[in-house]
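Scroll down for the structure; my scribbles are underneath it.
The values are calculated or read from the model by the stated rules, or taken from the named source; none is laboratory data. For clarity, every value in this text was computed on a predicted model and none was experimentally measured. FYI the Cβ positions are ideal-geometry reconstructions off the backbone, even for glycines, and counts take in every protein chain you see. All accessible areas refer to the heavy atoms of the entire protein, side chains included, with ligands and DNA or RNA removed. Shrake-Rupley method; radii C 1.70, N 1.55, O 1.52, S 1.80 Å.
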Amino acid sequence: MTSLQANRFSSLVGEIYDAAANPALRSAALEQVCDFVGGCAATILSRDAAGLSIEIHQHFGTEARFRQLYRDRYVELDPLLDRHLGLATGRTLGVTDVMPYSEFVATSFYSDWLEPQGAIDLAAVTLERSDARTTILQVLRHRSRGVVDEAMRERMRLLAPHLQRSRVMGRQIGARSHTVEDLAGVLDGLSTAICLLDAEGRVVHANAACRQLFADADLFAMVGDRIVARNTQADKIFRGLSEIVGDAGTHSARRRQINLVTSSDGRHYLLHAFALKREGHVPRDMAATVLFVQRASMVSSLVPDAIAAAFRLTPSELRVLMAIVEIGGVPDIAARLGVAETTVKTHLGRLFEKTGAGRQADLVKIAAGFAAPFVRSAGSGDAV
């Protein structure tokens, strides 16, 4: 191989591995492979060990009707395919390895399928082999290039391991992409706003609830790729969480704290952040911190029942607790429930005693801990 050919080979190998990460590049890479080895058409296909099915994974230079003819009729007449079922990966076969060329040109495979495509010969190399399937690269040789020669065989042998690794890498990347998409779908189904931040506080990913939170801009907003709090209280707590996460070893107990913040429209939210465990150097765009933002609201009839059972609350005490979560202040609760403020304060005192909370914010946190993440919030207008 000349210096120019070696440089071309090196560049082609790079294109093959680029195609593993980007499926859109695979067709062009196969075209370059075909041209480099001296072919006019190339196909990557697999056949099951029993010889019952064939699958064409990639193709270049063959018309759809010839691919269909190959599947329907000529696959059984291909002199090379069955031979590859028992060969190790990287092994290249030409027609003359299995039969005299004069006999080959007398076959219907040659006259009815190969020659009408302008080709006079073909070679194949095994890319992958398992107990279930064998995958090969099949390359046709145009009449203008003559029959398959040793240079073509050698180039196919050189490219085979790279094509094989690229296919494995492509499957692994594809599987991970599906996993990421599935995980993103699950996160988008949660009512809790979840945001992944890198080590410098830039947003790496935000689920649907978090994107809506940013769009509403009552508590947080996005400026560029960073989170900006909309009021002083939220900004102080958010910065405090960031400092705690950044010094996780020193503040391990504080890291588990949940903070209550109020948006500009008076709604309560719970904030919690923790660092993701990483070993060694973390790439710039990799998530380092998870931020959770949960609307402090009661959800579904099961949640109040669970809270009442856990703290042995009376129906009146439970309704006051739910009103605290949804509304907040004693006067507003009294007006909503249609009772005196002294009645609300009496129930509030009993709630503090039964739950161990010392202030209304603690009651909100306790109630939010019972919230189901997939259910929309619902208020209560019942009287005490």
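Data for the structure
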item: Any pair with Cβ under 9 angstrom, 6 or more apart, that starts in region 30-57 at a residue that is over 23 Å from Arg171 (Cβ atoms) and touching a residue at least 60 places away in the same chain (Cβ under 8 Å) and ends at one that is small (Gly, Ala, Ser) and open to solvent by 20 Å² or more (accessible area, probe 1.4 Å); result: Val37/Ala151; Gly38/Ala151; Gly39/Gly61; Cys40/Gly61; Cys40/Ser144; Ala41/Gly61
item: Residue list for region 72-83, restricted to those being open to solvent by less than 40 Å² (accessible area, probe 1.4 Å) and either more than 15 Å from Ser53 (Cβ to Cβ) or at pLDDT 90 or above (or both); result: Tyr74, Val75, Asp78, Pro79, Leu80
item: Tally, over region 120-141, of residues that are surrounded by fewer than 22 Cβ atoms within 10 Å (Cβ to Cβ) and of a type outside the set (Val, Ile, Thr); result: 6
item: Residues located in region 122-133, provided they are farther than 25 Å from Arg65 by Cβ and in a strand (DSSP E or B); result: Val125, Thr126, Leu127, Glu128, Arg129, Arg133
item: Any hit, region 226-235, residues being small (Gly, Ala, Ser) and exposed (fewer than 14 other Cβ atoms within 10 Å of the Cβ); result: no
item: Residue pairs meeting the criteria (Cβ under 6 Å; at least 6 apart or on separate chains; first of a type in the set (Asp, Glu), in region 67-96; second open to solvent by less than 60 Å² (accessible area, probe 1.4 Å)); result: none
item: Filter pass, Thr107 being open to solvent by 60 Å² or more (accessible area, probe 1.4 Å) and among the polar types (S, T, N, Q); result: no
item: Residues that are at pLDDT below 90 and open to solvent by 50 Å² or more (accessible area, probe 1.4 Å), drawn from region 142-173; result: Met169, Arg171, Gln172, Ile173
item: Subset of region 339-370 that is open to solvent by 30 Å² or more (accessible area, probe 1.4 Å) and aliphatic (A, V, I, L, M) - its residue that is farthest from Ala309 (Cα to Cα); result: Ala340
item: Any hit, region 208-225, residues being within 16 Å of Ala288 (Cα to Cα) and surrounded by 15 or more Cβ atoms within 10 Å (Cβ to Cβ); result: no
item: Residue satisfying condition, being modelled with pLDDT of 90 or more and open to solvent by 10 Å² or more (accessible area, probe 1.4 Å), within set Leu45, Leu69; result: Leu69
item: Selected residue (only one of Arg155, Arg141, Arg211 is in the same structural domain as Phe66 (by the TED database) and part of a helix (DSSP H, G or I)); result: Arg155
item: Residue, nearest to the chain's Cα centre (by Cα), within region 203-212, restricted to residues that are within 14 Å of Gly224 (Cα to Cα) and touching a residue at least 40 places away in the same chain (Cβ under 8 Å); result: His205
item: Members of region 97-129 that are free of Cβ contacts under 8 Å to residues at least 40 places away in the same chain and among the hydroxyl-bearing types (Ser, Thr, Tyr); result: Ser102, Thr107, Ser108, Tyr110, Ser111
